[in-house]
Amino acid sequence: MVVAVEALPTPDSPQRQARRSHWPRRLPRELAIPQTSLWFNLDVSAKRHPDKAATIFCGASLSYAELHAQAEALAGWLQGQGVEQGDRVALFMQNCPQYIASFYAVNRANAVLVPVNPMNRMEEFGHYITDPQTKVVICSAELAGIVAAANAALPQAQRVKAVLVASYADALPPPGIPAELGLSDALRQFLCAEPALPDSAGLTSITHFTCWKDALDQRLPAGPHRVGPDDLALLPYTSGTTGLPKGCMHTNATLMANACGGGQWGYASAESVGLAVVPMFHITGMLYGVLGPIYQGMTVVVMPRWDRELAGNLISRCKVTHWTCVPTMIIDLFGSPNYKKFDLSSLTYLSGGGAAMPQAVAERLQQEFGLTFAEGYGLTETAAPSHANPPERAKLQCLGIPIFGVDSRIIDPVTLEELPIGEVGEIITHGPMVFKGYWRQPAATEAAFIQREGKAFFRTGDLGRMDDEGYFFITDRLKRMINASGYKVWPSEVEMLLYRHPAVQEACIIAAKDAYRGETVKAIVVLRTEAKGKTTEQDIIDWAREHMAAYKAPKLLEFADSLPKSGSGKVMWRLLQEKEGA
């Protein structure tokens with residue numbers, strides 16, 4: 001059940017007038033969202049543009065016809081491993097053409113994709129096997145050992161039975177990566193490496209590891225495609241204030257809403273060229289690198305990871321028109337000694353979120369390149385954007401306006417009453433892209449929604465305000481979360497991992513200011529008695545980097561004799577956070 005509250009103000013209230021006052025005249029208020037699966041988008045684009053490049057990866061092109069054929073073959077292979085409708089398949093790799101093929105193969109096989117951050121370590125990856133009850137894992141070769149070790153640590157009944165392993169080298173151009181792209185030696189070696197597969201017989205009791213090429217060569221025919229708009233398609237994981245990460249249930253329809261809406265909002269078409277550098281496991285990277293471009297029939301220039309020199313060269317050489325990014329990437333690009341040599345004249349739409357765009361950088365973009373950075377706002381639960389700035393009328397440090405079919409309000413987080421224009425409260429959102437709830441977490445799902453006027457509104461946990469023109473601004477968070485360059489870090493998860501260190505008696509994670517990332521992770525640690533004088537701050541930081549994703553690992557650490565606690569024994573993290581802020 002969801003909480004029912006009293007009706008909202010009348011339709012002619014100032015709040016409602018503001019929400020519709022500056023809607024772009026070129027756009028419809030709502031979209032006629034296709035009632036199909038996401039696979040259908042690739043099927044259509046491959047028929048419309050068979051010879052057109054679907055992806056460009058370090059100089060190698062993959063046509064729409066080739067992408068379609070790979071996805072069909074992989075879907076047959078997945079079904080050959082026993083994957084049935086609704087089964088979960090985990091995807092664990094960096095951005096690459098195989099990532100896109102894998103997504104559509106899973107959808108074609110009527111299954112559900114579980115995207116996993118490739119920075120996760122063995123201790124973290126096991127959760128993405130057990131919680132979604134994953135049947136098969138698709139991973140890149142350098143991560144196969146993590147999959148194998150995490151699988152081996154689980155009871156036999158919970159282990160995955162098959163792993164498909166892709167190599168980035170398979171997607172590179174046969175002559176090699178063009179020197180003029182300016183890849184660093186480290187990135188070049190990473191992409192060209194072909195790590196040996198783990199010994200499945202001796203280590204994991206996985207039935208088998210299969211190489212990407214071998215799976216394609218089997219050419220197993222896929223059975224009928226049965227899923228429709230309301231079937232589950234994606235299970236991205238997000239953490240919360242307590243406990244382990246939980247899956248957000250997205251259907252084909254909730255993802256389709258933004259896949260087809262993004263093009264209209266940002267002037268995209270089949271003639272557009274997108275730069276996919278936001279990690280595809282992240283909901284923003286998934287939307288702008290995997291879902292939206294295929295719906296539009298665009299060409300996607302895929303970057304395996306951020307590298308400012310590579311980004312500048314790719315935009316210049318491939319005539320990139322659309323780039324969705326994190327503001328820190330723009331800042332870093334401007335920091336390149338070569339940035340004036342980059343030709344950014346092809347860019348027509350620049351957008352992003354995850355952190356506020358500094359005014360000085362936004363002004364520099366406008367003055368030097370004539371580009372407006374259109375900030376947006378969304379969560380994993382809203383399949384990326386629920387709000388966006390119209391590029392023709394964008395405001396800085398602003399979430400934008402609610403997009404197609406979205407109804408957002410500002411409410412008092414305690415009384416749940418709608419607040420007047422300008423007052424700060426919790427942002428709640430209703431729209432076609434809002435998820436269907438948390439996987440196997442009915443209590444968390446119930447707490448995440450309230451009912452107003454017969455509609456379920458998602459409680460974002462973000463505090464914000466709406467101005468008299470209907471634009472939304474974020475001011476603070478109700479949820480205890482750290483935002484480091486767009487990566488969301490949930491303190492409770494990091495604390496649980498730190499407690500595994502033999503020297504740690506207690507730990508509290510807070511946010512610290514960071515000039516580049518916005519925020520960074522800081523740990524306040526109480527050592528066990530026997531570890532005092534023997535364990536240093538750096539010892540624990542180094543341990544954390546080995547046992548958790550790099551963006552979660554504390555960058556700062558401070559020892560304390562004790563942590564402040566409430567009368568009920570709970571750690572008073574807000575007190576520590578306020579002290580850090582002061």
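Points worth noting:
- Hits in segment 540-566 (condition: out of contact with any helix residue (DSSP H, G or I) (no Cβ under 9 Å at 6 or more places or on another chain) and not in a loop (DSSP other than H, G, I, E, B)): I541, D542, R545, E546, K565
- Test for R465: is it among the charged types (D, E, K, R), modelled with pLDDT of 85 or more and either in contact with a Phe, Trp or Tyr (Cβ under 9 Å, 6 or more places away or on another chain) or within 21 Å of I411 (Cβ to Cβ) (or both): yes
- For segment 166-187, a residue qualifies if it is of a type outside the set (G, A, S), closer than 17 Å to N95 by Cβ and assigned to a helix (DSSP H, G or I), and the qualifying residues are Y168, D170, L181, L187.
- Against the criterion of being within 22 Å of I294 (Cβ to Cβ) and crowded, with 17+ Cβ neighbours inside 10 Å, V147 does not qualify.
- Residues in segment 229-281 that are charged (D, E, K, R) and in a loop (DSSP other than H, G, I, E, B): D230, D231, E271.
- Looking across segment 505-540, the residues that are over 24 Å from A582 (Cβ atoms), within 31 Å of the chain's Cα centre (by Cα) and surrounded by 14 or more Cβ atoms within 10 Å (Cβ to Cβ) come down to D539, I540.
- Scanning segment 381-425 for residues that are out of contact with any Lys or Arg (no Cβ under 8 Å at 6 or more places or on another chain) and of a type in the set (S, T, N, Q) returns T382, S386, Q397, T415.
- From L235, L244, L287, residue being surrounded by fewer than 23 Cβ atoms within 10 Å (Cβ to Cβ), in contact (Cβ under 8 Å) with a residue 24 or more places away in the chain and closer than 26 Å to A144 by Cα: L244
- If only residues of segment 318-370 that are of a type in the set (G, A, S) and under 18 Å from the mean Cα position of the chain (by Cα) are counted, the one that is surrounded by the fewest Cβ atoms within 10 Å (Cβ to Cβ) is A356.
- Annotation: V160 fulfils all but one of (1) farther than 28 Å from G437 by Cβ; (2) in a loop (DSSP other than H, G, I, E, B); the unmet one is (1).
- Complete set of residues in segment 411-424 that are β-branched (V, I, T) and either over 18 Å from R16 (Cβ atoms) or buried (at least 23 other Cβ atoms within 10 Å of the Cβ) (or both): V414, T415, V424
- Among the candidates F435, F458, F404, the residue that is among the aromatic types (F, W, Y), assigned to a strand (DSSP E or B) and closer than 25 Å to L255 by Cβ is uniquely F458.
- Helices (runs of 4 or more DSSP H) completely within segment 114-153 that count 3 or more residues being among the basic types (K, R) and out of contact with any strand residue (DSSP E or B) (no Cβ under 6 Å at 6 or more places or on another chain): none
- Segment 491-516 residues that are closer than 17 Å to R545 by Cα and not assigned by TED's automatic domain parsing to the domain that holds T536, paired with ones that are of a type outside the set (D, E, K, R) and crowded, with 22+ Cβ neighbours inside 10 Å (beta carbon under 7 Å, 6 or more apart): none
- Applying the criterion of being more than 22 Å from the chain's Cα centre (by Cα) and assigned to a loop (DSSP other than H, G, I, E, B) to the residues of segment 391-401, the residue that is surrounded by the fewest Cβ atoms within 10 Å (Cβ to Cβ) is L396.
- Residue among N120, N110 that is at positive phi and in contact (Cβ under 8 Å) with a residue 40 or more places away in the chain: N110
- Residue check for V301: aliphatic (A, V, I, L, M) and in contact with a Cys (Cβ under 6 Å, 6 or more places away or on another chain): yes
- Looking across segment 208-228 at every residue that is part of a strand (DSSP E or B) and not hydrophobic (A, V, I, L, M, F, W, C), the one that is modelled with the lowest pLDDT is identified as H208.
Conditions (1) over 30 Å from T251 (Cβ atoms); (2) out of contact with any Pro (no Cβ under 7 Å at 6 or more places or on another chain); (3) outside any helix (DSSP H, G or I), marked per residue:
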{"residue": "V301", "(1), (2), (3)": "no, yes, yes"}
{"residue": "W306", "(1), (2), (3)": "yes, yes, yes"}
{"residue": "L310", "(1), (2), (3)": "yes, yes, no"}
{"residue": "I331", "(1), (2), (3)": "yes, yes, no"}
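- Filter result (loosely packed, with under 14 Cβ neighbours inside 10 Å and of a type outside the set (A, V, I, L, M)) within segment 541-561: D542, E546, D561
- Options A46, A32; residue that is closer than 21 Å to A383 by Cβ, more than 23 Å from the chain's Cα centre (by Cα) and at pLDDT 95 or above: A32
- For segment 197-207, the count of residues that are outside any helix (DSSP H, G or I) and at pLDDT 95 or above is zero.
- Restricting V424, V406, V414 to those that are in the same structural domain as L379 (by TED's automatic domain parsing), within 20 Å of Y471 (Cβ to Cβ) and modelled with pLDDT under 95 reduces the list to V424.
- Looking only at residues of segment 234-277 that are β-branched (V, I, T) and closer than 24 Å to C325 by Cα, we find that the one that is modelled with the lowest pLDDT is T238.
The values are calculated or read from the model by the stated rules, or taken from the named source; none is laboratory data. Everything numeric in this text was worked out from a predicted model, so none of it was measured. All Cβ positions, even for glycine, are placed from backbone atoms using ideal geometry, and neighbour counts span all protein chains on display.
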